[in-house]
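Chemist: My questions will all concern the structure given below.
The values are calculated or read from the model by the stated rules, or taken from the named source; none is laboratory data. These numbers come from a predicted model, not from an experiment. So basically every Cβ, Gly included, is an ideal-geometry build from the backbone, and we count neighbours across all protein chains shown.
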Amino acid sequence: MEHQISQAIVQGWFKKLTDHLVSDVVIVGGGPSGLICATELARLGHKTTLIERKLAPGGGMWGGAMLFNCIVVQEAAIPILDEYGITYKAANDGLYLADAVESTSALIYHAARAGVAIFNGMSVEDLIVADDMVTGVVINWTPVTLNKMHVDPLTISAKAVLDGTGHPCEIVNILTHKNKVELHLPSTTVLFERSLNAEAGERACVEHTGEVYPGLYVSGMAACGVTGSNRMGPIFGGMLISGKKAARIIDEALRKQ
Ligand SMILES: Cc1cc2nc3c(=O)[nH]c(=O)nc-3n(C[C@H](O)[C@H](O)[C@H](O)COP(=O)(O)OP(=O)(O)OC[C@H]3O[C@@H](n4cnc5c(N)ncnc54)[C@H](O)[C@@H]3O)c2cc1C
């Protein structure tokens with residue numbers, strides 16, 4: 001009995017990993033923008049893998065603001081809440097209030113149900129770069145990276161990689177620091193985010209979602225981070241719309257290949 005439980009887990013998990021060692025898309029970071037992007041791409045039939053450093057995907061959405069676990073969403077993103085079955089109430093002036101736990105768990109549930117292979121407790125520590133193009137990610141267990149253990153990683157190949165790592169835009173930083181490449185943006189280097197301005201930040205997060213280097217895309221706070229745009233405080237509509245936009249752009253790029 002006991003060995004059969006272990007056998008089922010080990011066989012199931014290794015099949016999932018083996019099936020996704022060559023993916024169409026790897027999403028790095030399971031925050032709201034990464035989860036939406038992953039769900040949409042999986043629904044469109046792309047083999048999609050999501051790597052999340054922490055045990056629970058969801059990123060910065062669980063805690064609302066200062067641990068008051070409610071989130072605010074603007075009118076423009078309400079169709080996404082409806083689509084994902086998330087309940088909300090009108091607050092004021094075109095703003096709506098949703099429960100942070102319900103919203104975050106709904107995004108994770110839909111990603112899993114859409115067929116996204118989610119690997120939690122795993123970190124992306126580097127990229128595969130060949131012929132001036134990002135062609136995959138280098139992965140390791142989070143406890144291994146946190147403890148700085150001297151253990152070599154594994155890789156996942158992909159036609160597209162999304163940096164959905166939020167404020168630190170970790171993956172773009174790895175690309176520029178290790179390879180001395182220039183980003184395909186007016187700035188060519190990571191500018192890091194600016195101080196809080198909700199309206200400007202929400203606009204920028206969606207506007208700057210897209211490809212920053214062949215094969216590498218940004219969404220959510222990472223899109224603000226690389227372009228030196230404002231942070232926006234606990235309003236989440238931009239993150240959701242950014243995830244959708246990233247999926248649309250990646251889908252178009254994959255269809256052309
Ligand atoms: C200090 C702080 C300040 C914040 N300020 C703002 C703000 O100004 N405006 C705002 O809207 N929200 C803010 N938030 C809330 C929140 O981060 C974002 O709004 C929102 O959650 C960002 O969504 P995202 O999809 O970009 O990524 P996030 O929700 O940030 O999720 C990123 C995910 O990527 C994972 N990750 C990171 N690096 C790796 C890696 N190498 N490998 C695998 N996984 C990785 C993280 O564990 C995390 O789950 C803040 C959060 C924090 C912690």
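Chemist: Is it the case that the stretch 183-199 has a residue that's within 18 Å of the chain's Cα centre (by Cα) and assigned to a helix (DSSP H, G or I)?
Modeler: no
Chemist: State which residue is nearest to VAL129 (Cα to Cα) when the search covers only the stretch 224-250 and only residues that are without any contact (Cβ under 8 Å) to a residue 60 or more places away in the chain and within 11 Å of the ligand (Cβ to nearest atom).
Modeler: GLY225
Results for (1) under 30 Å from MET232 (Cα atoms); (2) modelled with pLDDT of 95 or more; (3) out of contact with any Asp or Glu (no Cβ under 9 Å at 6 or more places or on another chain); (4) part of a strand (DSSP E or B), shown as yes or no for each residue.
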{"site": "SER6", "(1), (2), (3), (4)": "no, yes, yes, no"}
{"site": "ILE9", "(1), (2), (3), (4)": "no, yes, yes, no"}
{"site": "SER23", "(1), (2), (3), (4)": "no, yes, yes, yes"}
{"site": "GLY45", "(1), (2), (3), (4)": "no, yes, no, no"}
{"site": "ALA56", "(1), (2), (3), (4)": "yes, yes, yes, no"}
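Chemist: Kindly list, by first and then second residue, each pair from a residue in the stretch 56-83 that is more than 13 Å from ASP99 (Cα to Cα) to a residue that is assigned to a helix (DSSP H, G or I), limited to pairs with Cβ atoms under 6 Å and residues at least 6 apart or on different chains.
Modeler: Here the result reads PRO57/ILE108; GLY58/THR104; GLN74/GLY237; ALA76/GLY237; ALA77/GLY237; ALA77/LEU240; ALA77/ILE241; ILE80/LEU240, each pair linking the stretch 56-83 to a residue that is assigned to a helix (DSSP H, G or I).
Chemist: Being within 18 Å of ILE174 (Cβ to Cβ) and more than 10 Å from the ligand (Cβ to nearest atom) is the filter here, so list the residues in the stretch 190-223 that pass it.
Modeler: VAL190, LEU191, PHE192, GLU211, VAL212, TYR213, PRO214, GLY215, LEU216, TYR217 - these are the residues of the stretch 190-223 that are within 18 Å of ILE174 (Cβ to Cβ) and more than 10 Å from the ligand (Cβ to nearest atom).
Chemist: Follow-up question, since we're still on this one. Cβ-Cβ distance below 6 Å, separation of 6 or more or different chains: which pairs start in the stretch 139-157 with a residue that is in contact (Cβ under 8 Å) with a residue 24 or more places away in the chain and end on one that is basic (Lys, Arg) and surrounded by 15 or more Cβ atoms within 10 Å (Cβ to Cβ)?
Modeler: THR142/ARG53
Chemist: I've got another one for you. Test of understanding: among THR104, THR49, which residue is within 15 Å of the ligand (Cβ to nearest atom), under 30 Å from VAL144 (Cα atoms) and in a helix (DSSP H, G or I)?
Modeler: The unique qualifying residue is THR104.
Chemist: Taking GLY94 as the residue in question, decide whether it is away from the ligand (no atom under 14 Å from the Cβ), surrounded by fewer than 16 Cβ atoms within 10 Å (Cβ to Cβ) and in contact (Cβ under 8 Å) with a residue 24 or more places away in the chain.
Modeler: Criteria not met by GLY94.
Chemist: Can you pull out every residue in the stretch 203-234 that is assigned to a loop (DSSP other than H, G, I, E, B) and either within 11 Å of VAL161 (Cα to Cα) or of a type outside the set (Lys, Arg) (or both)?
Modeler: HIS208, THR209, PRO214, GLY215, SER219, GLY228, SER229, MET232, GLY233, PRO234, listed by residue number.
Chemist: Follow-up question, since we're still on this one. Step by step: first the residues of the stretch 14-38, then only those that are farther than 22 Å from GLU170 by Cβ and β-branched (Val, Ile, Thr), then the one that is surrounded by the fewest Cβ atoms within 10 Å (Cβ to Cβ). Which residue is that?
Modeler: THR18
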